[in-house]
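Asks: Below is the structure I would like to discuss, written out as C-alpha cells.
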Amino acid sequence: MGEFALELNDDQKGVRDWIHGFAADVIRPAAAEWDEREETPWPVIQEAAKIGLYSMDFYAQAFFDPTGLGIPVAMEELFWGDAGIGLSIVGTTLAAVGVLANGTEEQIGTWVPQMFGTPDDVKVAAFCSSEPDAGSDVSAMRTRAVYDEAKDEWVLNGTKTWATNGGIANVHVVVAVVDPELGARGQASFVVPPATAGLSQGQKFKKHGIRASHTAEVVLEDVRIPGSCLLGGKEKLDERMARARERKRTGGERVKNAAMATFEASRPAVGAQAVGIARAAYEVALDYAKTRVQFGRPIIDNQGIAFTIADMRTRIDAARLLVWRASWMAAANKPFTAAEGSMSKLYAGETAKWVTASAMQILGGNGFTREYPVERMHRDAAIYTIFEGTSEIQRLVIARTLSGVPIR
Ligand SMILES: Cc1cc2nc3c(=O)[nH]c(=O)nc-3n(C[C@H](O)[C@H](O)[C@H](O)COP(=O)(O)OP(=O)(O)OC[C@H]3O[C@@H](n4cnc5c(N)ncnc54)[C@H](O)[C@@H]3O)c2cc1C
C-alpha cells in the first residue's frame, strides 16, 4: 500500500507529462473537428494505441499504482485535451472494469485484450447496464438472461440504452436479470463476444456534448453466448443468488449488485475527467481575463472577474483533492465510510459545470462561439452531473452512507 502524498513521484510525473504532450499535440488540434463530425475519432485512438496509451498494459500499470493516483492523473490530462476524444479513448475501460470487478483470471485474460485490439487493428468495448426504464433505478432492469442447461449457453433478450461504444464495440459487457424476484441482487454481468448473432445497434444518439464519443442503444434478440461468458462463473453466481434469497427471506444485510460494483470502482476516475475539463476551461479564462481590455484595463482588474477566477481555481483544487483521496482509499482498500468515491464524483462534476459556465461568461461573446473552446467544454462538462450516477443519486448514496437511513 502506498502512502498518501500530494507530491507525485518521478514516475508519475513522467507519465503525466507524456499524456499531457499527447493531449496538447494530438488531441487538442483534433477536438473541434470530431465534435462537429459526431463520430468516433478512430485515427486518434489509433495514435494513442501506437504510443501505448490505448492499451491494456497502460491501464493495468496505472490501475495498480499503489498510491492510487495513476488513473486520476492520466484521466485529468487526457480530458484536459478534450472530453469527447478522451471518452472515446477511455470508454473501453468501463467495460474492462466490469470484467476486472466480476470476472475470473481466465475471463480477464481472454476478454480484456480483445476489448483493445492491436495498434494496427484497434477495437473498443462497451458496458451496457442502463435501459429505457432503468436509469438511476438499476433494480428496474428488464433484460433477461436465461440459462439453457442442455447447451451450457445463456440466452439474452432486452434493450440497453446510452451505451458508450454500443454497437461499434468488439466486446460488449451486458448486465442482465437472472432472477427477477431478487431485484438488483438478481443481476449478473455477461460478456458478449465479437460478432455474436442477435446483438445489434439501435438508435445512435445526437448529443449536447462529448459528441466524439459514440452513444447508442444495444438491442439483444435471442443472443446466445457460451456458459463461460457469465462473469465470475456459474458456481459463484449460484452461491451469490442463494445468499441473496436467504437475505431476502430473513430481511438481512443488502448485497451489492454487479452494476453497482462496476460504478463504485470507476467514480473517482470519472471525477478526474471532470477536473481535467474544468482545468482546461479555467486556463483559457485566466489567459483571456489578463489580455482582454475593456474600460482601458484588462478585465481581470475588476474584482468581479478576479474573484470568479479565484473561485474557479479553488474549486478545481478542492475537486482534485477529493478525487485523489478517494482514489488512494480505493487502492489502500480503505472502506468508503462517508461514500468518498461518490463525493469526489459529485463535487468534480458540479465543479466542471460551474467552471466551464464561468469561463464562457468571462470570454463574453467569444465564449459563446465555436471560435473558442470553452462552449464545447461547457457542453462536454454537462454530462458529468448525469452519467455514472446523477448528482442527485450521488447525494442519495452519500446521505444514506452517512445516516444509515434508506433515504429515497
Ligand atoms: C452520454 C452518455 C453516456 C452514457 N454511457 C453509459 C454507458 O456506457 N453504460 C451505461 O450503462 N449507461 C450509460 N449512460 C447512462 C447514464 O448512466 C444514465 O443516463 C444515468 O444513470 C441516469 O439515468 P436516466 O438517464 O435514465 O435518468 P433518470 O434515472 O430517469 O433520472 C432523471 C432525473 O431524475 C433524478 N432522479 C431519479 N431518481 C431520483 C431519486 N431517487 N432522488 C432524486 N432524484 C432522482 C435524476 O437525478 C435525474 O435528474 C450514459 C448516459 C449518457 C447520457
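Asks: Most mobile of ALA332, ALA83, ALA242 per a Gaussian network model of the chain (Cα springs, under 10 Å)?
Replies: ALA242
Asks: What percent of all Cα-Cα pairs in region 272-408 falls into each 5 Å bin, going from 0 up to the bin containing the maximum distance?
Replies: That works out to 2, 11, 18, 18, 16, 12, 9, 6, 4, 2, 1, 0, in percent per bin.
Asks: Sticking with this structure for a sec: Provide the per-residue ³J(HN,Hα) series for region 119-132, in order, calculated from phi with Karplus coefficients 6.51, -1.76, 1.60 and θ = phi - 60°, each as a whole number of Hz, with x at glycine and proline positions.
Replies: Working through the residues one at a time gives x, 7, 8, 6, 10, 10, 10, 10, 10, 10, 10, 4, 9, x Hz.
Asks: Let me ask something else about it. On C-alpha positions alone, give me the angle between the axis of helix 28-37 and the longest principal axis of the chain, in degrees, nearest 10.
Replies: For 28-37 against the chain, the angle is about 60 degrees.
Asks: Right, something else. Taking 0.36 nm per residue of separation and subtracting the Cα-Cα distance, what length does fully extending PHE307 through SER136 add?
Replies: Values: separation 171, 0.36 × 171 = 61.56 nm, distance 3.61 nm.
Roughly 57.9 nm would be gained on extension.
Asks: Relative contact order for the chain using alpha-carbon pairs under 8 Å, separation at least 6, rounded to a whole percent?
Replies: On the way: 773 pairs, mean separation 68.4, N = 408.
The normalised contact order for the chain reaches 17 percent.
Asks: Kindly provide the Kirkwood hydrodynamic radius of region 32-98 in Å, to one decimal, from all pairs of distinct alpha carbon atoms. Write down the numbers at each step before the final one.
Replies: On the way: mean 1/r = 0.0800 Å⁻¹.
The answer is 12.5 Å.
Asks: If each DSSP helix of 4+ residues adds -39,500 (n - 2.57) and the sum is divided by the residues in the chain, what number results at 222 nm, nearest 500 deg cm²/dmol? Walk me through the numbers before you get to the answer.
Replies: Details: 14 runs with 212 residues, N = 408.
After summing the helix terms and dividing by the residues of the chain, the value is -17000 deg cm²/dmol.
Asks: Can you pull the Rg over Rh of region 1-127, Cα-only, Kirkwood? Let's see the in-between values first.
Replies: Values: Rg = 14.7 Å, Rh = 15.2 Å.
Result for region 1-127 is an Rg/Rh of 0.97.
Asks: Net charge near ALA348, counting Lys/Arg +1 and Asp/Glu -1 over other residues with Cβ under 13 Å of its Cβ? Kindly include the intermediate steps, with their values, before the conclusion.
Replies: Details: positive: ARG267, ARG279, ARG315, ARG320, ARG325, LYS345, LYS353; negative: GLU76, ASP317, GLU340, GLU350, GLU388.
Overall, the nearby charge balance is +2.
Asks: Please determine, in degrees from 0 to 90 and to the nearest 10, the orientation of helix 10-22 with respect to the longest principal axis defined by the Cα atoms of the chain, where the helix direction is its Cα long axis.
Replies: Helix 10-22 and the main axis of the chain meet at about 80 degrees.
Asks: I've got another one for you. Take the alpha-carbon centre of region 276-312, take the same for region 197-242, and report the distance between them in whole Å.
Replies: Going from one Cα centre to the other spans 45 Å.
Asks: With everything on Cα atoms, drop me the angle between helix 258-291 and the longest principal axis of the chain, reported from 0 to 90° to the nearest 10.
Replies: 10 degrees
Asks: State the Kirkwood hydrodynamic radius of region 125-250 in Å, one decimal place, computed from all pairs of distinct Cα atoms.
Replies: Kirkwood hydrodynamic radius for region 125-250: 15.0 Å.
Asks: What percent do you get for the relative contact order of region 48-186 when only Cα pairs under 8 Å and 6+ apart count?
Replies: Numbers: 191 pairs, mean separation 30.3, N = 139.
Contact order relative to length: 22 percent.
Asks: Please identify, among ALA169, ALA24, ALA326, the residue showing maximal mean-square fluctuation in a Gaussian network model of the chain using a 10 angstrom Cα cutoff.
Replies: Result: ALA24 has the largest fluctuation of those listed.
Asks: Still on this model: In square nanometres, what is the average projected area of the Cα convex hull of the chain?
Replies: On the way: hull surface 82.3 nm².
Dividing the Cα hull surface by four gives the mean projection, 20.6 nm².
Asks: Here's another thing I want to ask about it. By how many nm would the segment from GLU149 to GLU221 lengthen if fully extended, with 0.36 nm per residue of separation less the alpha-carbon distance? Don't skip to the end; give the middle numbers.
Replies: Numbers: separation 72, 0.36 × 72 = 25.92 nm, distance 1.90 nm.
Extending this stretch completely gives an extra 24.0 nm.
Every read-out reported here was derived from the displayed coordinates using simple, explicitly stated rules and does not represent laboratory data. Just so you know, these numbers come straight off a predicted model, no measurement behind them. Here Cβ is always computed from backbone atoms with ideal geometry, including for glycine, and neighbour counts include all displayed protein chains.
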